[in-house]
Structures are given as C-alpha cells and as structure tokens.
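Quick notes on the structure that follows.
Since every read-out is calculated from the coordinates, none of them should be taken as a lab result. Everything quoted here is computed from the prediction, not taken from an experiment. In this analysis, Cβ positions are derived from the backbone assuming ideal geometry, glycine residues included, and neighbour counts consider all displayed protein chains.
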Amino acid sequence: MRNLRIISLLLICLLFACSKEEFDIQNLSGNKIFALGHAGMGENSLYAMNSKESILACLNSGMDGSEMDVQMTRDSVLVAFHDERLEWKTELSGLVNETDWKDLQTTSFRNLPYLDYKIASLDEIFSAIEHPENHHFAFDCKLYTSDSNIEAYQAKFARALSRLIEKYGLQSAACIESQSSFMLSDLKLQHPSYQLYIYPYYFDEGITAARTLGITGISIDWEHITSADVALAHAEGFKIAFWNVQSDKENRDAIRKNPDFIQTDKLVNLRKLLR
C-alpha cells in the first residue's frame, strides 16, 4: 500500500511537471509573440554570435527570426558585429567604421571554439537565406564611429541599411533598432513603412521618443518595463520588443508581459513555450 501511494505521488508530480503552461497573449501582432534568437543561436551556443553560421542555424531551428548587431565599415559595407572595438573579439584593432571590408575579411572571431567563424557582411548572410522576407529580423544598429560629423555618418548608415532592405524585400521583415532619434527620423522620412524601434534604457524615455517620432515601437531590456507599461504602449499603438532574456524562467516571465517580440538566448525553451 505504501509503495502504491509513492507511485501515485510520483505520477501526479510527473503530470504537473509535463503540463504546458497556457499563456493569454494579448498584443499588437495578432496575439502572437515572435521568437527571435539573440545574435543567432545565443551567447551560450558553440557558434560565434552574429556569425552567418549562427544566424542560419537559428532560422533552421524553427525560430521566427534572429536579432543581429549591425555596424558599417569605412567603405559602407554593413557587417554583423557587436563590440565597439575589433580587438575585443578579433586579431584586428580599432573600430569597424575605421576599417575597410577587405581587411575585415582577413580575420576570424578570436578564442576557441570560434576560430573558424569569420565576420560576415549582411549581404553574405541574406544571400544565403531562402525567402528572408518570410522571417523576422531585428537590426540592432551599433553606430560606433570616430567621424566628427555624427549626423552625416548616421545618414550614410541609414542609406546603406535602406539599400539592403530594398534588395532583399525586408520592408516588413526588418525591425530597425536604434538609440539615435536623428537616424530613426531620417529613416521615417525616407521610408515611412519601415518598422522602426527606439532603443531606450527606461520605458518612460522610450514612450516619449516613440510618440515624438511616430515610429513602430520600443525595443527594451525586458526587466526595465512592466506589464502595465506594455499595455500602455499597445493602447497607443506601439509594439514592444524584449531583449536580454537569458533563461527558461526569464522566457516565461517575459511572455507574461505580452510583448510582440522576444529576443532570447534560450531558443529551444522559448519555441516550446510559444508552440
């Protein structure tokens, strides 16, 4: 009898452990949250973040899309790279914007197991994706430059980004994230249909900028915004994208806040939760 009770308790525990949480998702994306990988397969992957291989693996895993960090070389080639300085991740030094594309092609991401992964241009990445317009991509624009004319540099960056978007038909697929109101307003003026997101530290500054600029929404650290903030943004017609979601628990907590996009390091778990 005692063994039977133990078995029954184990079965009950197993049942609860296997049960799938149901989320009442309410947002501006048809009550669906789009799941994006963080720089591809995330920071705990064996792939180098922002590498072409990581981004393609993310898409092939069944995610809705991928976030990627975007910088521009001295000769106006857009590349996927996160850090401000090249020496932090490669054998080269300086800023990406101080370096020509041909020189970037000579280096790989430093440190094992990343020695075989090269810095990729966005053109290389998207030419390898079949029907990229069917996915979602968050372009985190890293506007590092030593150029003294910041606005001219940002306008040049915006033109390069526009050429890429038009070339691959990403008008509805690309979410352009930037901390620069100038760049977002320039893109809004030139391409009113683009999906533009302000990238603030806190929600209050983000909602103020979104209202002023008349853009698509706000991309924000998921811990710096509440469910009530998300609901307020949605009520005013602004979409919300979350980033810095790093664990299974954070995936669940982020979903409960009802954003439109989640950029995660735990891809498999987020796919299962949203399935």
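Values for this structure:
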read-out	value
Segment 95-136: C-alpha gyration tensor shape, a/c 1.5 cut-off, then a/b vs b/c	oblate
Neighbour-count order for Asp75, Asp64, fewest beta carbons within 10 angstrom listed first	Asp75, Asp64
Least to most buried among Leu189, Leu46 (fewest other Cβ within 10 Å first)	Leu189, Leu46
Potential lengthening between Gln26 and Glu133 on full extension [0.36 nm per residue; Cα-Cα distance subtracted]	36.1 nm
Using θ = phi - 60° and Karplus 6.51 cos²θ - 1.76 cosθ + 1.60, couplings along segment 169-181 (whole Hz; Gly, Pro as x)	x, 9, 3, 9, 8, 9, 9, 8, 10, 8, 8, 8, 5
Approximate spin-label separation Thr226-Ala155, in nm, with each point projected 7 Å along Cα-to-Cβ	4.2 nm
Linear extension gain, Arg275 paired with Tyr144, 0.36 nm per residue minus alpha-carbon span	43.4 nm
222 nm mean residue ellipticity, helices alone, for the chain (DSSP H n ≥ 4; -39,500 (n - 2.57); rounded to 500)	-11000 deg cm²/dmol
Considering only the chain, percent of DSSP beta bridges that pair antiparallel, nearest 5	15 percent
Neighbourhood net charge (13 Å Cβ-Cβ; Lys/Arg +1, Asp/Glu -1) for His135	-4
Relative compactness, segment 26-274, computed as alpha-carbon Rg over 2.2 N^0.38 Å	0.96
Arg252-Thr107 FRET efficiency (beta carbon distance; Förster radius 41 Å; 0.05 resolution)	0.55
Interchain or long-range residues, amide H under 5 Å from Phe34's placed H	Phe261, Ile262
Tilt relative to the chain, helix 150-168 - C-alpha long axis, 0 to 90 degrees, to 10	60 degrees
Span from the segment 174-226 Cα centroid across to the segment 48-92 one, whole angstrom	21 Å
DSSP bridge orientation in segment 167-275 - percent antiparallel, rounded to nearest 5	0 percent
Degrees, to the nearest 10: 203-213 long Cα axis against longest axis of the chain	50 degrees
Under Karplus coefficients 6.51, -1.76 and 1.60, residue-wise ³J(HN,Hα) of segment 61-72 in Hz, glycine/proline x	7, x, 5, 6, x, 9, 7, 8, 8, 10, 10, 10
Whether segment 54-176 is rounded, prolate or oblate, judged on the alpha carbon gyration tensor where a/c under 1.5 counts as rounded	oblate
Between helix 2-18 and the chain: long-axis angle, C-alpha atoms, 0 to 90°, nearest 10	30 degrees
Sequence of His131, His38, His224 once ranked by neighbouring C-beta atoms within 10 Å, starting from the fewest	His131, His224, His38
Segment 19-83: trypsin sites (Lys or Arg not before Pro) in DSSP loop, at most 10 other beta carbons within 10 Å	Lys20
Relative contact order, percent, segment 26-274 [alpha-carbon distance under 8 Å, six or more residues apart]	20 percent
Segment 177-275: GluC sites (Glu not before Pro) in DSSP coil with no more than 14 other Cβ atoms inside 10 Å	Glu236
